[in-house]
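Have a look at the structure below, then the notes.
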Amino acid sequence: MKVTRREFLMLSGQAGAYLALSSCMGIDTKPVKEYVEDLKKIDKLKTAKQTTSLCYYCSVTCGLICSTDPKTGKIFNIEGDPDHPISEGALCAKGAAMLQTTELNEHRLTKVLYRAPYSDKWEPKPLDWAMMEIAKKVKALRDKDFILKNAKGQEVNRLESLAHMGSSKLDNEECWAITTMMRSLGLVQLDHQARV
Amino acid sequence: MTNHWIDLQHADCILIMGSNAAENHPISFKWVLRAKDKGAKIINVDPRFTRTSSQADVYAALRSGTDIAFLGGMIKYILDNNKYFSDYVLNYTNAACIVDEKFNFNEGLFSGYDPATRKYDKSSWVIKKDAKGLPEKDPTFKNPRCVLQMLKKHYSRYTIEKVSEITGTPVDDLKTVYELYSATGVADKAGTIMYALGWTQHTVGSQNIRTMCMIQLLLGNIGICGGGVNALRGEPNVQGSTDHAILTHILPGYLKAPAASQPTLQAYLDKAFVKSADPQSANWWQNYPKYITSLLKSWFGDKAVKDNDFGYRWLPKADDGYDSTLLSMVDRMYEGKVKGFFVIGQNPACSLPNAGKVREAMTHLDWLVHANIFDNETASFWKGPGLDPKKVKTEVFLLPAAASMEKEGSMTNSGRWAQWKYKAYTPPGDVLSVGDMIYRLMANIKKLYSSEKGAFPDPILNLSWDYADAKGMFDPVKVAKAINGYFLEDVTIADKTYKKGECVLSFALLQADGKTSSGNWLYAGSFAQDGTNLMARRKKDDPTGLGLYPQWAWCWPVNRRVLYNRASVDVNGKPYNPKRALLAWVDGKWVGDVPDGPWPPMADKEKGKYPFIMKPDGISSLFGPGMAEGPFPEHYEPLEGPLARNLMSAQLNNPAIKLFTKDCDKFSGCDPRFPFVCTTYTSTEHWCTGAITRWQSWLTEAQPEAYVEISHELAEAKGIKNGDRVKVESIRGSVKCVAMVTTRFRPFKIGDQMIHQVGMTFNYGWLFPKDCGDSANLLTPTVGDANTMTPEYKAFMVNVAKEV
Amino acid sequence: MSEGKSILVDTSRCTACRGCQVACKQWNQLPGTQTKNWGSYQNPADLSAQTWKLVRFAEGKKDNGKPYWYFFSDQCRHCIEPPCKATAGYEEAISQDAQTGAVIYSAKTSELNAKEIVDSCPYNIPRQDEKTKALFKCTMCLDRISNGQIPACVKSCPTGAMVFGDREEILEKAQKRVEQLKKTYPKAQAIDADTVRVIYIVTDDPSKYHQYAAS
């Protein structure tokens, strides 16, 4: 079961509600644009693809239902999951604002940004370039600084000049992959938010 | 959490101390209020009256950093008034054990202290053993050297008046809290503690928690429904990220990181665990070889064989005693010893103490790789306040990361539930999940090492890294299965044969001979034998009626919903509280939750086992050698505090803390320039440094900028009005913000002094929104807990002045 | 008309997590506005055309010297006989939904005398949008409740401080809760329960929560 589809009990009904369509992303002091005498969002919800997820702020991990437009694949609504036994559909201010962490937020990073030494600006760079460039930097540093034996002559096989931090906001599988990668590179300086 | 969120509803008394649950774990209050509806008493102890306090039956204020005094007084109250649960204390703790004669305590120091190294020789902190190697006991508790009597003696100094003098909590409030909470020390009552960073972020953080653990043991509250010791963990997957050990001192599943003095797997295992001579101890850690071997098999696959110690040699080994936790890592970076730095989803430029030091340390790096969903003060540190980009050499790569709902995978909540979530949509542009980034980077590094020569390539070339799907993308299911583990050959255990390639369905089946793999033994069983992902379950059957929901998601270990649950029954397996029975021994088997081990209850002298199976002696330790600063928690003042002397002993601060000595590591003890106690916290509307939430207009609208909360009394003394702009300054830095003048902070009467306390959020940073204020961590000191190195964010000294 | 719908706002259970305030914005696609810290957790400082649901914070000292912090999740009360509707006298601008009793403003409210409408509201709720001159306030999530769902704010509430349901059932709940609270808080009451659909339970003088908590 890849996607959990919840059945919404839809009653037919005429309603005179309206939706204000002004941008909900970013600080927006513009006036509310206009009224639309239809039920655009609720209708979209009826046909939406619904995906269960989890709130990623505190460790209660409340259930989320993410609604996307089946045609465009775009996200347009995130609410609590009423089936979730801990949160039962509830969300706090941060959880309720989850939609503003999605692609709808204009501030989201979408390109690799690179800052050269002594530069005063970011430059967008291709993803593949960054992935290889970083790998090369890791190898160069590791080849230069790798410690096979310590001062006592004990075999230690470690790298002290590369450090890693983060993160407790990642999925388990990502966390495990990070530990695996960093230990195989020889890191002994790795730590994250669990410490603070 | 030993228990879980839903279980809070079963408590008869909830102590919320060191946590502001209503603000920082808001949905927990669904369950707190359900307990209250059923008549539970809610107690909140906090320097500041918070949204949590507003729902409490009893609110008591205490000065930041005096929790051990407060709780030590409760231990004294429990012992003096015989409020402890004697059956539990006798059978399930080491209260009756006899302490070694060489152990003593005098003026704040335990036996064995070496002031030169700031460390203890713990050889006297032991329980006496008889000729068979079993602990010597006095079940009558009359022996003055038995743990219970020693405990009584230690806390005899914690009189209610003395406690009040130290904490600033009125005597009447102390009495009310002690009476209400200790009333749970009976078979049919449960008391629980909800704590969080308000306890951990002190130089005595671990001992704060240990003091409460001891109270819970005395009252028989651990292992029971509605009880436990419940850490409200601070981040969505901080439980999982800890389990999977993005940490210097451990490997996945809390296995110790190997040290330089352990060149072979055997040398490592010799140091890894202590085996008890007591046949009734489960001696759980004797399985250690199975767990480490299975981990090495998951990492190095076929390349890990018995003849090469399963690749143990390839693991990095830090020198014995080497500390590389965050504070020391930054310290080395400041010295220029760290050249490359990966920061994934963390904002140390705002989140670590003495943030000015952190920001400067990053200018000493050659390169920094940062991944996040928004820009933040760490990625953009080179253009931060006071820095000229033209003078900063550090090369920076900022990688656009996927948000949680943009990727599939699991997260483990505070109640240890590993829950699966799905990808809702494909993120825009070049956005990648961190899993994909890590997968690609490591694949590239492997490629480079296979085509070119390089230093010690063995662990890189031998690493199993087959975690991509058909499209070459990071496959979380493949990784999750590797974490769970496989049978690598056909294996027959107790007449049952498991086929090669099947998922391991419990850590009990793991092998030390290389026939199984498991990337983290604690997660063995998160998949069924046939490969069904149990973390993705959504069934809500509730057979015990206690809200354990055993078929919703999956919980480590082996889907046990309450840890130490064998302590919820008496020695014969009869539930202490039949109305809320987690477990019962019925007709030769356990009924209820997954028991903490399959053996019969301990009254069965042949096959039965003690309940605290992870402890060497099978019983819990009211006295033990585990902590850096002593077997009994003792009150010490924070490193920066308002008092020149400790009212409890001659030892002012925790004697075992590490002291940092860089030029920027300044500390201001009892200094008239910084007369006010300050604590830091987060608000409901923002998350940690605000690195995610400050980019969201609905949240910045609700909490737009940095503020300091101060009492009316202090405001009047300093000529500050509500809403005025003020400067908060410590010896390390200053932050400008808005003053919130409130009745929710009040001065403390400490001895014959009036001491003011203020509080700040650490939710802000210079980058965005413009002029929202900078990080409160520009003020906090570089000092950590003696055991964990968790920084002391919760108590330090500042001045507050109106901005002119 | 049937008895319609009601919302119970039990402030004695509210922790001011502000899930409701943000959930309202999320569902109704309302923007976050620029605010300043004015010495309070309450922000935005007031309701507006962009903020239809606002948690108000009020603090002080009790008789025993201990602090109190009261939270009041403010919104349109959806009066049984709405004075705003009577004042407008213009059904196309302000109407009442026949099924639920929700009081609904349309774009045509821009044709009304805004000051007169706001002044007519005993709870000081409607707010005018500067540009379009139309009036805005909570819709009771009529789109949702007409389609079998509960209002966004109610759904987000973790503690049961907000409950949505048939009016009779909500009135009964309110009455029971007040009786229970009175044992500890003699001043407990359900504010204006007979005349409004959004019924607030308080445990102290309503004025301590908010100037316009009661009519």
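The values are calculated or read from the model by the stated rules, or taken from the named source; none is laboratory data. Just so it is clear, the structure is predicted and the values come from calculations on it, not from any experiment. A quick note on method: Cβ atoms are made from the backbone with ideal geometry, for glycine too, and the neighbour counts reach across all protein chains shown.
Name every residue in the range B:441-471 that is in a helix (DSSP H, G or I) and touching a residue at least 12 places away in the same chain (Cβ under 8 Å), in order of residue number.
Matches in the range B:441-471: B:Met442, B:Ala443, B:Ile445, B:Lys446, B:Tyr449, B:Asp458, B:Pro459, B:Ile460, B:Leu461.
Which of the residues belonging to the range B:81-125 are part of a helix (DSSP H, G or I) and either surrounded by 14 or more Cβ atoms within 10 Å (Cβ to Cβ) or among the β-branched types (Val, Ile, Thr) (or both)?
Within the range B:81-125, B:Ser86, B:Tyr88, B:Val89, B:Leu90, B:Asn91, B:Tyr92, B:Lys122, B:Ser124 qualify.
Filter the range B:323-332 for residues that are facing another protein chain (nearest Cβ under 7 Å), over 22 Å from B:Gly690 (Cβ atoms) and not polar (S, T, N, Q) and give the result.
The answer is B:Met329, and nothing else.
Wholly within the range C:4-111, which strands (runs of 3 or more DSSP E) include no fewer than the required count, namely at least 1 residues that are within 10 Å of another protein chain (Cβ to nearest Cβ)?
Where strands (runs of 3 or more DSSP E) fall fully within the range C:4-111 and carry at least 1 residues being within 10 Å of another protein chain (Cβ to nearest Cβ), they are C:54-61, C:67-74, C:94-96, C:103-105.
With the checklist (1) surrounded by fewer than 22 Cβ atoms within 10 Å (Cβ to Cβ); (2) closer than 30 Å to B:Ala277 by Cα in hand, flag the one item B:Phe612 doesn't pass.
Of (1) surrounded by fewer than 22 Cβ atoms within 10 Å (Cβ to Cβ); (2) closer than 30 Å to B:Ala277 by Cα, only one is false for B:Phe612: (1).
Look through B:Asp172, B:Asp188 and report the one residue that is in a loop (DSSP other than H, G, I, E, B), more than 30 Å from B:Pro353 (Cα to Cα) and acidic (Asp, Glu).
Unique residue meeting the criteria: B:Asp188.
Return yes or no: is C:Ile170 assigned to a helix (DSSP H, G or I) and surrounded by 20 or more Cβ atoms within 10 Å (Cβ to Cβ)?
Yes.
When only residues in the range A:130-151 that are more than 7 Å from chain B (Cβ to nearest Cβ) and among the hydrophobic types (A, V, I, L, M, F, W, C) count, which is nearest to B:Tyr425 (Cα to Cα)?
My answer is A:Ala140.
Scan the range B:10-21 and give yes if some residue there is small (Gly, Ala, Ser), under 18 Å from B:Glu685 (Cα atoms) and crowded, with 24+ Cβ neighbours inside 10 Å, otherwise no.
There is at least one residue in the range B:10-21 that is small (Gly, Ala, Ser), under 18 Å from B:Glu685 (Cα atoms) and crowded, with 24+ Cβ neighbours inside 10 Å.
For the range B:251-270, name all the residues that are farther than 26 Å from B:Val238 by Cα and within 14 Å of chain A (Cβ to nearest Cβ).
Of everything in the range B:251-270, those that are farther than 26 Å from B:Val238 by Cα and within 14 Å of chain A (Cβ to nearest Cβ) turn out to be B:Ala260, B:Ser261, B:Gln262, B:Pro263, B:Thr264, B:Leu265, B:Ala267, B:Tyr268.
Is it true that A:Ala163 is out of contact with any Pro (no Cβ under 8 Å at 6 or more places or on another chain), more than 7 Å from every other protein chain (Cβ to nearest Cβ), outside any loop (DSSP other than H, G, I, E, B) and among the small types (Gly, Ala, Ser)?
No: the conditions fail for A:Ala163.
For B:Ser28, indicate whether it is polar (S, T, N, Q) and over 30 Å from B:Lys574 (Cβ atoms).
It is true that B:Ser28 is polar (S, T, N, Q) and over 30 Å from B:Lys574 (Cβ atoms).
Right, B:Ile224: crowded, with 24+ Cβ neighbours inside 10 Å, farther than 23 Å from B:Pro625 by Cα, β-branched (Val, Ile, Thr) and at pLDDT 95 or above or not?
yes
Determine which single condition A:Ala96 fails, assuming it passes every other condition in (1) closer than 30 Å to B:Leu448 by Cβ; (2) within 7 Å of another protein chain (Cβ to nearest Cβ).
It fails just one condition, (1).
If you take the residues of the range B:283-304 that are crowded, with 23+ Cβ neighbours inside 10 Å and either away from every other protein chain (no Cβ under 14 Å) or among the polar types (S, T, N, Q) (or both), which of them is farthest from B:Ser464 (Cα to Cα)?
Ranking the qualifying residues of the range B:283-304, first place goes to B:Tyr291.
Across the range B:513-536, which residue is nearest to B:Ser464 (Cα to Cα) among those that are free of Cβ contacts under 8 Å to residues at least 40 places away in the same chain and part of a loop (DSSP other than H, G, I, E, B)?
Per the criteria, the residue is B:Lys515.
Does B:Tyr84 satisfy the condition of being more than 14 Å from chain A (Cβ to nearest Cβ), closer than 30 Å to C:Lys176 by Cα and not charged (D, E, K, R)?
no
In contact with a strand residue (DSSP E or B) (Cβ under 7 Å, 6 or more places away or on another chain) and more than 7 Å from chain A (Cβ to nearest Cβ): is that true of B:Thr378 in this structure?
In short, yes.
Quick one: which residue in C:Ala152, C:Ala174, C:Ala193 is more than 12 Å from every other protein chain (Cβ to nearest Cβ), in contact (Cβ under 8 Å) with a residue 24 or more places away in the chain and small (Gly, Ala, Ser)?
Sole residue among the options that is more than 12 Å from every other protein chain (Cβ to nearest Cβ), in contact (Cβ under 8 Å) with a residue 24 or more places away in the chain and small (Gly, Ala, Ser): C:Ala174.
Could you list all residues from the range A:112-129 that are of a type in the set (D, E, K, R), at the interface with another protein chain (Cβ under 7 Å from one of its Cβ atoms) and in a helix (DSSP H, G or I)?
Within the range A:112-129, none qualify.
Six or more apart or on different chains, Cβ atoms under 9 Å: show the pairs whose first residue is in the range A:75-87 and in a loop (DSSP other than H, G, I, E, B) and whose second is of a type in the set (Asp, Glu).
Partner pairs satisfying both residue conditions: A:Asp81/A:Glu88; A:Pro82/A:Glu88; A:Pro85/B:Asp542; A:Ser87/A:Asp81.
Could you say which residue among C:Ile125, C:Ile117 is at negative phi and part of a loop (DSSP other than H, G, I, E, B)?
C:Ile125
Enumerate the pairs (first residue in the range A:95-114 and in contact (Cβ under 8 Å) with a residue 60 or more places away in the chain; second residue anywhere and hydrophobic (A, V, I, L, M, F, W, C) and assigned to a helix (DSSP H, G or I)) with beta-carbon separation below 7 Å, excluding pairs fewer than 6 apart on the same chain, so at least 6 apart or on different chains.
Partner pairs satisfying both residue conditions: A:Gln100/B:Trp698; A:Asn105/B:Trp695; A:His107/B:Trp695.
For the range B:60-67, check the following and say yes or no: at least one residue is closer than 30 Å to C:Asp10 by Cβ, touching a residue at least 24 places away in the same chain (Cβ under 8 Å), hydrophobic (A, V, I, L, M, F, W, C) and not in a loop (DSSP other than H, G, I, E, B).
Within the range B:60-67, one or more residues are closer than 30 Å to C:Asp10 by Cβ, touching a residue at least 24 places away in the same chain (Cβ under 8 Å), hydrophobic (A, V, I, L, M, F, W, C) and not in a loop (DSSP other than H, G, I, E, B).
I need every pair where a residue in the range A:41-69 that is within 8 Å of chain B (Cβ to nearest Cβ) and within 30 Å of B:Ala22 (Cβ to Cβ) has its Cβ under 6 Å from the Cβ of a residue that is of a type in the set (D, E, K, R) and in a strand (DSSP E or B), sequence separation at least 6 or different chains.
A:Ser53/B:Lys421; A:Leu54/B:Lys421
Just to verify a result, which residue in the range B:474-492, among those that are surrounded by fewer than 16 Cβ atoms within 10 Å (Cβ to Cβ) and not in a helix (DSSP H, G or I), is nearest to the other protein chains (Cβ to nearest Cβ)?
Out of the qualifying residues, it is B:Glu489.
Look through the range B:708-731, keep the residues that are free of Cβ contacts under 8 Å to residues at least 60 places away in the same chain and not polar (S, T, N, Q), and return whichever of them is farthest from the other protein chains (Cβ to nearest Cβ).
B:Ala717
Consider C:Gly65 against the criteria (1) at pLDDT 95 or above; (2) farther than 16 Å from C:Ala152 by Cα: it satisfies all of them except one. Which criterion is unmet?
Going through (1) at pLDDT 95 or above; (2) farther than 16 Å from C:Ala152 by Cα one by one, C:Gly65 breaks only (1).
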